[in-house]
Amino acid sequence: MRTKEYERINFDQGGRFYLSKAERIQFGEKVIITRDGNYLRFFTQREWKRLVRKQLAGFKGAELRRKKRGLFGSAFLEKIDSQGRVHIPVSLRGGAR
């Protein structure tokens with residue numbers, strides 16, 4: 001899993017963040033971005049599926065719905081463009097610039 005510290009991420013004017021070539025290879029064409037406290041977390045789709053299965057195991061009914069909302073409410077699947085930039089949704093950017 002790739003984790004970048006939220007305060008240290010620099011966005012361009014379009015709200016995009018540049019991923020290095022090594023990171024692009026790791027993620028492929030798309031990346032899942034979430035916010036966890038003061039961190040932005042970048043997941044491959046495989047890592048995200050594994051995390052979701054682990055986090056939701058054993059929950060049922062209302063508890064399962066609440067847990068799903070927490071996980072999916074702030075997760076964004078974003079495409080990595082040909083120049084290695086990924087758009088960071090406004091709700092995840094906060095005050096970091």
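Take the range 62-84 and flag every residue that is of a type in the set (Lys, Arg) and modelled with pLDDT under 95.
ARG65, ARG66, LYS67, LYS68, ARG69
Can you tell me which residue is farthest from PHE76 (Cα to Cα) among those in the range 33-64 that are acidic (Asp, Glu) and not in a strand (DSSP E or B)?
GLU63
Please find, among LYS49, LYS68, LYS79, the residue that is within 17 Å of the chain's Cα centre (by Cα) and farther than 24 Å from LEU19 by Cα.
LYS68 is the lone residue from the list that is within 17 Å of the chain's Cα centre (by Cα) and farther than 24 Å from LEU19 by Cα.
Does the range 59-68 hold any residues that are surrounded by 10 or more Cβ atoms within 10 Å (Cβ to Cβ) and out of contact with any Lys or Arg (no Cβ under 7 Å at 6 or more places or on another chain), and which are they?
Within the range 59-68, GLU63, LEU64, ARG65, ARG66, LYS67, LYS68 qualify.
Could you list, in sequence order, all residues of the range 74-97 that are under 14 Å from PHE11 (Cβ atoms) and hydroxyl-bearing (Ser, Thr, Tyr)?
SER91
Hey, among LEU51, LEU71, LEU56, which residue is more than 17 Å from ARG8 (Cβ to Cβ), of a type outside the set (Asp, Glu), out of contact with any Gly (no Cβ under 6 Å at 6 or more places or on another chain) and crowded, with 17+ Cβ neighbours inside 10 Å? Give the steps one after another, and end with the answer.
Working: LEU71 fails: crowded, with 17+ Cβ neighbours inside 10 Å; LEU56 fails: crowded, with 17+ Cβ neighbours inside 10 Å.
Only one candidate passes the filter, namely LEU51.
Going through the range 74-95 one residue at a time, which ones are outside any helix (DSSP H, G or I) and exposed (fewer than 10 other Cβ atoms within 10 Å of the Cβ)?
SER82, GLN83, GLY95
The values are calculated or read from the model by the stated rules, or taken from the named source; none is laboratory data. The structure displayed is predicted, hence computed values, not measured ones. Reconstructed Cβ throughout: ideal geometry from the backbone, glycine too, with neighbour counts over all protein chains shown.
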